[in-house]
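Asks: Let me give you the structure first, and then I'll get to my questions.
Values in this text are rule-based calculations from the coordinates and carry no lab data. Keep in mind that this is a model prediction, so the values were computed, not measured. Quick reminder, even Gly has a Cβ in these numbers, built from the backbone with ideal geometry, and neighbours come from all protein chains shown.
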Amino acid sequence: MANNIDLSIDFCGITFINPFLLSSSPVSNSAEMVARAFEAGWSGVVFKTLNSDRLPIIHPSPRMHCVHYGSKKEMAVQNVEQISDRPLKDNLIDILYLKKHYPDHRIIASIMGFFEDEWVYLAKVAEDNGADMLELNFSCPHMCIEGSGHKVGQAFHLLERFTEAVKKNVSIPVMAKMTPNITDMTEPALYAKKGGADAISAINTVRGISEIGLDDFVPRPNVFGKGAISGTSGPAVKPIGLNFIASMAKCLELGLPLSGIGGIETWIDALEYILVGSSTIQVTTGIMHYGYGIVEDMIEGLGDYMARKGVTSVSQLVGKALPHLHETDHFDLERQGVTQYDVDRCIGCGQCYIVCRDAAGQAITWDGENRRPVLDENKCLSCMLCQFVCPVTDLITYKAMPRGWRRNETPVMDPSLEKEIQYEPFTKEGPNECTV
Ligand SMILES: Cc1cc2nc3c(=O)[nH]c(=O)nc-3n(C[C@H](O)[C@H](O)[C@H](O)COP(=O)(O)O)c2cc1C
C-alpha cells in the first residue's frame with residue numbers, strides 16, 4: 001500500500017496485492033532470489049521456465065549482450081539463455097518454499113515441454129507443488145527444434161493443442177505467453193483461448209541482432225566465434241509490447257485478462273501497459289539493470305497517481321486508453337497545427353533549425369545575430385522534430401490551428417521544367433481514402 005491506496009487487483013480470479021510481477025528469466029531463478037523480491041514489494045513471480053530434466057540444459061557463454069544508446073545503458077539486451085538449467089526437483093522445492101513462506105504472494109510456474117505428455121507432466125507437478133497459476137512458454141525465441149518455444153507460438157494449432165492438454169489436467173488458471181515474432185498476435189491468442197487459456201501474457205523477447213564485431217565479424221554475444229539471432233528485451237521493445245497488448249485488448253472476441261511485459265522500468269511504463277489493457281505487468285530487464293528495488297518507485301508512483309486522479313482501484317485504470325486508440329483513417333485531417341516557440345528561453349543551440357532544414361519543412365530561418373530560430377508557420381509540417389531535439393523542456397510546443405487551416409505546399413525547384421516533365425495524371429478509380 002502506498003499513501004493508503006490499495007493497489008490490489010484480481011487476475012484470473014486470484015488476488016494480487018499489486019500488479020507488479022517478476023517475469024520468467026534470471027530474475028526469478030530461485031526461491032532465495034524471489035523471496036528477496038517479495039520482501040522488496042513485488043506481488044508475484046512467474047518462476048523461470050521449468051524443464052523436465054529430459055534434456056540437459058546448458059547455457060551458452062557469454063549469454064547476453066547489451067546495446068547502450070548515448071547515456072542510456074541497457075537500452076536493449078540480447079540474450080541466448082535457455083530455460084532453467086536447474087533440476088526440476090530443486091525448482092519444485094523452491095516453489096513449495098515460496099508458497100509456504102509467502103502465502104500472500106502469487107507463484108506462477110512457467111513451463112515448456114516439447115511434446116504433449118511433457119507439457120502435461122510439467123503442469124501437474126507445478127500444480128501439485130503449490131503453483132497458483134501456470135504460464136505456458138510458447139515464445140522462447142531461440143529454440144531450433146520444431147514444436148518448441150516460439151515455433152509453437154507461430155504454429156497455432158499446436159499452441160491450441162498444448163493449451164488444451166494442460167487445461168484438461170490442472171485446475172489452476174493457465175496463461176499463454178506469446179511470441180512477438182509474428183505480425184498479428186490476436187490470431188494465436190484466439191487459438192490459445194480455444195484451447196482453454198484463462199489469460200494471455202506478452203511479450204517474450206523480439207528476435208534481433210544487437211551488434212556485430214567490426215574486427216571479428218561475429219554478431220554478439222560472441223559465443224566462442226559464433227553469434228545467433230536471438231531475443232531482445234528492454235526499453236527498446238516497449239513500443240512493440242504496448243502494440244501487442246493494445247491490439248489484443250481491443251479484440252472483443254478474445255476478451256481474456258492480459259499480463260503486459262516488455263521494457264518496463266518505471267511506474268509510468270507499468271501504468272501505460274495497464275492503460276492499454278494489462279491487469280498485471282511483468283519485468284525482467286529493468287531488474288537486470290537496477291535490481292528489485294525499482295518496485296518501490298512503481299508502488300509509490302502508481303499510488304500517488306491514483307490518489308491524484310481519485311481512482312480507488314487499479315482495475316478502473318485497465319484499458320482506459322483504449323477508447324482513444326483508433327485506426328489512422330479516423331484522424332480528423334481538417335485539423336492541423338504548427339509549433340510555437342518560447343524564444344525567451346532559447347539557448348541558441350540551433351538544433352531545431354538544422355532538423356527543420358534537413359528533415360522537415362524548412363520552416364525556420366536562423367537569426368544568426370541573436371542566435372534564435374524564426375518560424376514561418378505557413379511552412380511548418382507540425383512533425384515536432386524541433387521539439388524532440390530541443391534541449392530546453394517545453395520551449396517548443398504544439399499549437400492547434402483553426403479548422404481548415406492548411407500550410408503552404410512546398411514549391412518546386414524550377415517551375416520552368418514543367419514544359420519538359422513527362423507525366424500523365426493518374427486517372428484510374430480506386431479506394432477513396434489514403435491515410436498512409
Ligand atoms: C536473460 C533472459 C532470460 C529469459 N528467460 C526466459 C524464460 O526462461 N522463459 C520465458 O518465458 N521468458 C524468458 N525471458 C523473457 C522475459 O520473461 C520477458 O518476456 C522479456 O525479457 C521482455 O521483458 P523485459 O523487457 O522486461 O525484459 C528471458 C529474458 C531474458 C532477458
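Asks: Summing +1 for each Lys or Arg and -1 for each Asp or Glu, what net charge is found among the other residues whose Cβ lies under 14 Å from the Cβ of residue 120?
Replies: That works out to -1.
Asks: Express in whole angstrom the spacing between the alpha-carbon centres of region 200-254 and region 320-383.
Replies: 32
Asks: Please give me the summed charge of the neighbours of residue 409: other residues whose Cβ is under 14 Å from its Cβ, Lys and Arg +1, Asp and Glu -1.
Replies: Charge balance near residue 409 sits at +2.
Asks: Which value, in debye to the nearest 20, gives the size of the charge dipole of region 331-415 about its Cα centre, when Lys and Arg are +1 and Asp and Glu are -1 at the Cβ?
Replies: 140
Asks: By DSSP, what percent of the beta bridges with both residues in the chain are antiparallel, rounded to the nearest 5?
Replies: If we restrict to bridges inside the chain, about 50 percent are antiparallel.
Asks: Residues with beta-carbon under 10 Å from that of residue 110, excluding residue 110: net charge, scoring Lys, Arg +1 and Asp, Glu -1?
Replies: +1
Asks: Counting only DSSP beta bridges with both residues in region 22-135, tell me the antiparallel percent, nearest 5.
Replies: Taking every DSSP beta bridge within region 22-135, about 35 percent pair in antiparallel fashion.
Asks: Whole number please: convex hull volume per residue of the Cα set in region 230-354, in Å³?
Replies: Expressed per residue, the convex hull around the Cα atoms of region 230-354 is 225 Å³.
Asks: Need one number: % antiparallel among DSSP beta bridges in region 152-299, to the nearest 5.
Replies: 35
Asks: Over region 327-402, consider all pairs of different Cα atoms and compute the Kirkwood hydrodynamic radius from their mean reciprocal separation; express it in Å, one decimal.
Replies: With all distinct Cα pairs of region 327-402 included, I get 12.9 Å.
Asks: How many nm is it between the label spots at residue 406 and residue 422, if each spot is 7 Å from the Cα in line with the beta carbon?
Replies: 3.0
Asks: Take the Cα atoms of the chain, find their three principal axes, and give me the spread along each one in whole Å, biggest first.
Replies: Answer, in whole Å and largest first: 80, 55, 50 Å.
Asks: I've got another one for you. Suppose the chain between residue 329 and residue 413 were pulled fully straight at 0.36 nm per residue; how much longer would it get relative to their current alpha carbon spacing?
Replies: 27.1 nm
Asks: Please sort 158-171, 186-199 by packing, taking for each peptide the average over its residues of neighbouring beta carbons within 10 angstrom, highest first.
Replies: Top to bottom by mean Cβ count within 10 Å: 186-199, 158-171.
Asks: I would also like to ask the following. What GluC sites (Glu not before Pro) in region 236-272 are in a loop by DSSP, with at most 13 other Cβ atoms within 10 Å of the Cβ?
Replies: Filter output for region 236-272: 253.
Asks: Then there's this: Which cross-chain or sequence-distant (5 or more) residues have an amide H under 5 Å from the amide H of residue 372, H modelled 1.01 Å from N in plane?
Replies: Amide H to amide H, under 5 Å and 5 or more residues apart or across chains, residue 372 pairs with 367.
Asks: If you don't mind, there's one more thing I want to ask. Which entries in the list 309/399; 177/238; 48/73; 72/226; 124/168; 193/250 go over 18 Å, if you measure between the two C-alpha atoms of each?
Replies: 309/399; 48/73; 72/226
Asks: Sum -39500 (n - 2.57) across every DSSP H segment of at least 4 residues in the chain, then divide by the residue count to get the 222 nm mean residue ellipticity, nearest 500.
Replies: -8500 deg cm²/dmol
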